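Visitor: Please find one structure pasted underneath; my questions will follow.
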Amino acid sequence: MIWNELKKPFLILAPMEGVTDVIFRQVIASSGRPDLFFTEFTNVSSYASLKGRENALERLATVPTDKPIIAQIWGKNPEHFGETVAALKKLGFSGVDLNFGCPDKNVNRAGGGAAMIKTPELAISCFKEAKSHTSLPVSIKTRLGWSDINEFKTWLPVLLSEHPAALTVHLRTKKEMSKVPAHHELIPDILSLRVKISPKTKLIINGDIKDKANAMKLHQKYPEVDGFMIGRGVFSNPYCFTDHTPTKDELMKLLYLHLDLYEEYIKTHSASYEPLKHFFKIYINNFPGASDLRAKLMETHSTEEARAILAQQTAISRTRLSDDGTPI
Ligand SMILES: Cc1cc2nc3c(=O)[nH]c(=O)nc-3n(C[C@H](O)[C@H](O)[C@H](O)COP(=O)(O)O)c2cc1C
């Protein structure tokens, strides 16, 4: 069982829609891998429908380098949870995670994500249905509550009473989105709930943990926490799961790897170039001329155009670097 194989404190790359796809996970696996990956969330009713299955399966694509990996799913229909999880083992996943924390309006209107906090009975039905349709461990990712941080005192016990294999708590309410600092001060209270109700459930803390050093500090303070999940930290440092501070060259190499992987992907999928642009700021950041270069890249329409601009830039910076004024 994957959750028992991970050494404490383990580090996880948070599921992030539009970010932690199969391509970006390969980039992170090559820079400094976490102990465990999660997919972006996939809708169970989409998987359960004829029309949506192909797209759902694309979202659930994995490669050997992003293992071990957990499939994250969301929805509100218990039967669809059952149907989806039944397929996941064959797809190479080590576990399945139920998203009970997403604050997106469309997701919540559809009754999924954080809306589950307001319908605990339905949440438990979805969990039970998922558990009864797979031998994979089933975990849950959620928030403290819908609008008041004190809701965790009743909401987390509801979940822990079902003994999920792991519980990730993003230390904010749905209403707080990501606008206030995560409530790290509540970790001791959450740990006591876990000990009292479900001591075998692995507890993962998430929210404002930006890198490994940050996680290790929290580990020293709260050694009972099993794992830490890092989300947006990866935007400011794709090496955030290591102690390494990357050089500009290393970041550029990652950008080229991302371009290579994306080019391959576009050949076989109906993907457009535009979403790739969201990633440029991760690699082109914090060096002289970074914002100008980024602005130029944002004007591009293809990986070829992006490569041409990068080649030009490399030539310019080499010229600047040479002592005698000649390119090196
Ligand atoms: C762009 C973006 C997409 C996200 N998508 C998901 C998702 O698909 N599933 C999920 O459980 N959480 C999702 N989240 C929430 C993150 O997993 C994480 O809980 C949140 O960013 C807080 O962690 P952090 O402070 O380390 O970023 C997303 C967050 C961001 C910024």
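Visitor: With within 16 Å of the ligand (Cβ to nearest atom) and in the same structural domain as I140 (by TED's automatic domain parsing) as the only criterion, which of E224, E185 stands out?
Guide: Of E224, E185, the one residue that is within 16 Å of the ligand (Cβ to nearest atom) and in the same structural domain as I140 (by TED's automatic domain parsing) is E185.
Visitor: If you take just the strands (runs of 3 or more DSSP E) that sit entirely in segment 1-78, which of them hold at least 2 residues that are of a type in the set (A, V, I, L, M, F, W, C) and not assigned by TED's automatic domain parsing to the domain that holds P223?
Guide: none
Here's the yes/no breakdown for (1) aliphatic (A, V, I, L, M); (2) farther than 30 Å from M177 by Cα; (3) touching a helix residue (DSSP H, G or I) at 6+ places or on another chain (Cβ under 9 Å):
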{"site": "G231", "(1), (2), (3)": "no, no, no"}
{"site": "L251", "(1), (2), (3)": "yes, no, yes"}
{"site": "K267", "(1), (2), (3)": "no, yes, no"}
{"site": "E274", "(1), (2), (3)": "no, no, no"}
{"site": "F279", "(1), (2), (3)": "no, no, yes"}
{"site": "N286", "(1), (2), (3)": "no, no, yes"}
{"site": "G289", "(1), (2), (3)": "no, yes, yes"}
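Visitor: Got a sec? Which of V180, V138, V169 is within 14 Å of the ligand (Cβ to nearest atom) and closer than 25 Å to T39 by Cβ?
Guide: Going through V180, V138, V169 in turn, just one is within 14 Å of the ligand (Cβ to nearest atom) and closer than 25 Å to T39 by Cβ: V169.
Visitor: If you take the residues in segment 33-44 that are within 16 Å of the ligand (Cβ to nearest atom) and surrounded by fewer than 22 Cβ atoms within 10 Å (Cβ to Cβ), which one is farthest from the chain's Cα centre (by Cα)?
Guide: So, considering only residues that are within 16 Å of the ligand (Cβ to nearest atom) and surrounded by fewer than 22 Cβ atoms within 10 Å (Cβ to Cβ), the one farthest from the chain's Cα centre (by Cα) is D35.
Visitor: Given the criteria surrounded by 19 or more Cβ atoms within 10 Å (Cβ to Cβ) and of a type in the set (K, R), does K67 qualify?
Guide: no
Visitor: Being under 22 Å from G113 (Cα atoms), in contact (Cβ under 8 Å) with a residue 40 or more places away in the chain, more than 11 Å from the ligand (Cβ to nearest atom) and surrounded by fewer than 19 Cβ atoms within 10 Å (Cβ to Cβ) is true for just one of K202, K128. Which residue is that?
Guide: Result of the check over K202, K128: K128.
Visitor: While we're here: Inspect segment 102-111 for any residue being surrounded by 16 or more Cβ atoms within 10 Å (Cβ to Cβ), of a type in the set (A, V, I, L, M), in contact with a Pro (Cβ under 6 Å, 6 or more places away or on another chain) and closer than 19 Å to E40 by Cβ and give the result as yes or no.
Guide: Checking segment 102-111: not a single residue is surrounded by 16 or more Cβ atoms within 10 Å (Cβ to Cβ), of a type in the set (A, V, I, L, M), in contact with a Pro (Cβ under 6 Å, 6 or more places away or on another chain) and closer than 19 Å to E40 by Cβ.
Visitor: Kindly establish whether M252 is part of a strand (DSSP E or B) and either of a type in the set (V, I, T) or surrounded by 14 or more Cβ atoms within 10 Å (Cβ to Cβ) (or both).
Guide: So M252 does not fit the description; no.
Visitor: Additional query: Would you pick out the residues in segment 88-107 that are away from the ligand (no atom under 14 Å from the Cβ), assigned to a loop (DSSP other than H, G, I, E, B), on the phi < 0 side of the Ramachandran plot and in contact with a strand residue (DSSP E or B) (Cβ under 8 Å, 6 or more places away or on another chain)?
Guide: Passing the criteria: L91, F93, S94.
Visitor: Ok, one more. Restricting to segment 179-199, name every residue that is in a loop (DSSP other than H, G, I, E, B) and without any contact (Cβ under 8 Å) to a residue 12 or more places away in the chain.
Guide: K179, V180, P199
The values are calculated or read from the model by the stated rules, or taken from the named source; none is laboratory data. Note that the structure is predicted; figures quoted are calculated from it, not measured. Please note: Cβ atoms are built from the backbone with ideal geometry, for glycine as well, and neighbour counts cover all protein chains shown.
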